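Inspection log for the structure reproduced underneath, given as structure tokens.
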Amino acid sequence: MKLKAAFGLGFIIIMTLVGCSPKTTAITSTNNFVSESGVPDYSQLNYWASHPGKRDPADTVPKPLIENELEKVADVFFLHPTTLTDSEKMSETNGRIDDAELNQKTDLSPILYQASAFNERSKIFAPRYRQAHIAMYYEKDSARKYAAFNLAYEDIKNAFIYYLEHYNQGRPIIIASHSQGTTHSTRLLKEFFDGKPLAKQLVCAYLIGMGVKKNQYEDIPVCNDSLQTGCFVSWRTYRNDFKDNVINRTDNSIAVVNPITWTTTNEIVGREKQKGAILYNLDKIYQHTQGAQAEGNALWVSHPRFPGSFLYNKKNYHAGDINLFYLDIRKDVSRRIDAYLK
């Protein structure tokens, strides 16, 4: 339970509050299948949580944002966070690729509420992968820990290679991820883009929910404004009064971009400039929910204002890294695509 509370992965803040299933008209997809080998086969749609070849939760558009269909001019390769958090499954270092319950949890949580933020102008490719159990972040046996995360990364790498060979066709690429997804996307970006020809196709990388060093890459810089391309953004969200020895306002080695202004300055930005968050019900966008400041190694926010938020007393907003800035991200992706195409 301690592990689960520490990360809160998989469900957005309001779902923790109300303790119910998401109320939404989300598009659903098949997550119940049998893998004979237990190894993902990315030529088969079952092994993709989201794919342009099928209708799935990442295709969902919040009701207020439904508009005429826009041309999908870029690709998003999205890596979901840890959804393997059950304490009764702690003996499993990695999840099964055909675990129907786990896949449903993934589809109706991060794929629905996070990946969909990127769908306005882009096709979404989100591979299923044999994710490491949340407990592996705390594993003391370094060999066992490495093996768990390496297995997950090898699946992701194979999915990305398949995507490049069969689907990309030279289109602009956006890498997007949260939490464990960012553990792997940081490595993927280094292996395939940093100093590589593929960097020419990189619109932006959204490496969210983990600390990524400013000098992580030789040729991929931190984005300094909302029109820069070929760069990356990253942040971890905490309430203003959060106190911790690791998360602090003095460590300047970590990249922190403010998702309201898309700058790296430590300006305190008021809630009136925040475009919009989503909660468990996709029928409504909640505007001006919180202000934000990028300082030290984290993003610091005021207590969000939304129905029931007075009941939420936690100060670690990891679960809301994307959802609290859903519309801000959506508009930023579209803006950077236009900048790239120009």
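Right, G296: within 22 Å of G211 (Cβ to Cβ), within 22 Å of the chain's Cα centre (by Cα) and either aliphatic (A, V, I, L, M) or at pLDDT 95 or above (or both) or not? Spell out the reasoning first.
On the way: within 22 Å of G211 (Cβ to Cβ): yes; within 22 Å of the chain's Cα centre (by Cα): yes; either aliphatic (A, V, I, L, M) or at pLDDT 95 or above (or both): yes.
Yes.
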| message | Go through (1) closer than 18 Å to H184 by Cβ; (2) at pLDDT 95 or above; (3) of a type outside the set (S, T, Y) for G10 and report which single condition fails. | response | (2)
| task | With respect to I156, determine if the residue is within 22 Å of Q114 (Cβ to Cβ), touching a residue at least 24 places away in the same chain (Cβ under 8 Å), part of a loop (DSSP other than H, G, I, E, B) and touching a helix residue (DSSP H, G or I) at 6+ places or on another chain (Cβ under 6 Å). | result | no
| said: Of everything in region 161-187, what is assigned to a helix (DSSP H, G or I) and over 16 Å from the mean Cα position of the chain (by Cα)? Give them in sequence order. | reply: I161, Y162, Y163, L164, E165, H166, Y167, N168
| note | Counted residues in region 119-141 being closer than 21 Å to K157 by Cβ and either of a type in the set (A, V, I, L, M, F, W, C) or at pLDDT below 95 (or both) come to 5
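Of the residues R335, R249, only one is at pLDDT 95 or above and assigned to a helix (DSSP H, G or I); which? Break it down stepwise before answering.
On the way: R249 fails: assigned to a helix (DSSP H, G or I).
That would be R335, the only listed residue that is at pLDDT 95 or above and assigned to a helix (DSSP H, G or I).
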| query | Applying the selection to region 174-220, what residues are β-branched (V, I, T) and either closer than 14 Å to C231 by Cα or touching a residue at least 40 places away in the same chain (Cβ under 8 Å) (or both)? | reply | I174, I175, T182, T186, V203, I208, V212, I220
| remark: When L108 is run through (1) in a helix (DSSP H, G or I); (2) in contact with a His (Cβ under 9 Å, 6 or more places away or on another chain), the failure sits at (2)
| message | If I ask for residues that are of a type outside the set (F, W, Y), under 15 Å from the mean Cα position of the chain (by Cα) and either over 21 Å from R55 (Cβ atoms) or not in a strand (DSSP E or B) (or both), which ones from region 111-124 would you list? | response | I111, L112, Q114, A115, S116, A117, N119
| Residue list for region 130-182, filter: among the polar types (S, T, N, Q), farther than 23 Å from E71 by Cα and crowded, with 22+ Cβ neighbours inside 10 Å | Q131, S179, Q180, T182
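Inspect all residues belonging to region 222-240 and state whether any of them is among the charged types (D, E, K, R), under 26 Å from K72 (Cα atoms) and assigned to a helix (DSSP H, G or I). I'd like the intermediate steps shown before the answer.
Going residue by residue through region 222-240, those that are among the charged types (D, E, K, R) are 225, 236, 239.
Okay, now just the ones that are also under 26 Å from K72 (Cα atoms), so 225.
Imposing the further condition that a residue be assigned to a helix (DSSP H, G or I) reduces the set to none.
There is no residue in region 222-240 that is among the charged types (D, E, K, R), under 26 Å from K72 (Cα atoms) and assigned to a helix (DSSP H, G or I).
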| request: Looking at (1) over 26 Å from F118 (Cβ atoms); (2) assigned to a loop (DSSP other than H, G, I, E, B), find the lone condition where L279 falls short. | output: (1)
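Can Y238 be described as surrounded by 17 or more Cβ atoms within 10 Å (Cβ to Cβ), at pLDDT below 95 and of a type outside the set (A, V, I, L, M)? Talk me through it step by step, then tell me what you get.
On the way: surrounded by 17 or more Cβ atoms within 10 Å (Cβ to Cβ): yes; at pLDDT below 95: no; of a type outside the set (A, V, I, L, M): yes.
Here the answer is no, as Y238 does not meet what is asked.
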| Any idea which residue in region 257-288 is farthest from T237 (Cα to Cα), counting only those that are more than 20 Å from the chain's Cα centre (by Cα) and among the polar types (S, T, N, Q)? | Q287
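The values are calculated or read from the model by the stated rules, or taken from the named source; none is laboratory data. The shown structure was predicted, so the numbers you read here are calculated from the model rather than taken from an experiment. Cβ coordinates were reconstructed from backbone atoms using ideal geometry, including for glycine residues, and neighbour counts include every protein chain displayed.
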